[in-house]
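Derivation of every value follows stated rules applied to the coordinates shown; laboratory data play no part. These figures come from a predicted structure and were not determined experimentally. Neighbour counts are summed over all protein chains in view; Cβ atoms, including those assigned to glycine, are modelled from backbone coordinates with ideal geometry.
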Amino acid sequence: MLFGANEEPDLQYNIDAYQPDWKCGLEVEAGRTWMGNAIYRDLIQALVMVQVDTLALAVRKVYRYKSKGRPVENRAFEKTNSVVDTLYSTHRYESPYGLVLIEY
């Protein structure tokens, strides 16, 4: 959320759930995690959420769908975990929030 005149919010992001005592936001992703780049959107939006100290991100282990009639498997959690590991292990970036990655 960003603030404008009279400290009123100019921009707000809707997240799937929020626990105010813990300042924890929850995002649950399904197939769009990779196909729609939702993982990147969630990580970036959490950067500007002023009342979120922890982001819990739930991602499907495997997303199955059909492409041109053929079954396809997308290992969404594995790919997300790889991005998160890279992001949190680099010395070029320090996240202002903690991240809990949940596989379902």
Open item on the list: So, R0 is 22 Å and r is the distance between the beta-carbons of T86 and R41; what FRET efficiency does that work out to, to 0.05?
Closed with: 0.80
Open item on the list: Between Y65 and Q12, what is 0.36 nm times their sequence separation minus the Cα-Cα distance? Round to one decimal in nm.
Closed with: 15.9 nm
Open item on the list: Neighbour counts of other C-beta atoms within 10 Å: give me E27, E73 arranged from fewest to most.
Closed with: E73, E27
Open item on the list: How long are the semi-axes of the equivalent ellipsoid of segment 18-103, defined as square roots of 5 times the Cα gyration tensor eigenvalues? Whole Å, largest first.
Closed with: 26, 15, 10
- [ ] Any chance you could give the angle, 0 to 90 degrees and rounded to 10, that helix 38-47 forms with the longest Cα principal axis of the chain?
- [x] 20 degrees
TODO: May I ask which residue of G36, P71, H91 lies farthest towards the positive end of the charge dipole of the chain, with charges of +1 (Lys, Arg) and -1 (Asp, Glu) on Cβ and the Cα centre as origin?
DONE: P71
- [ ] Check cross-link reach from K79 to the lysines: straight Cα distance under 20 Å, and skip same-chain residues fewer than eight apart.
- [x] K61, K66
Task: Length gained when the stretch E94-E78 is fully extended (0.36 nm per residue, less Cα-Cα span) - done: 3.5 nm
TODO: Please give the helix 76-89 orientation as an angle from the longest Cα principal axis of the chain, in degrees from 0 to 90, rounded to the nearest 10.
DONE: 40 degrees
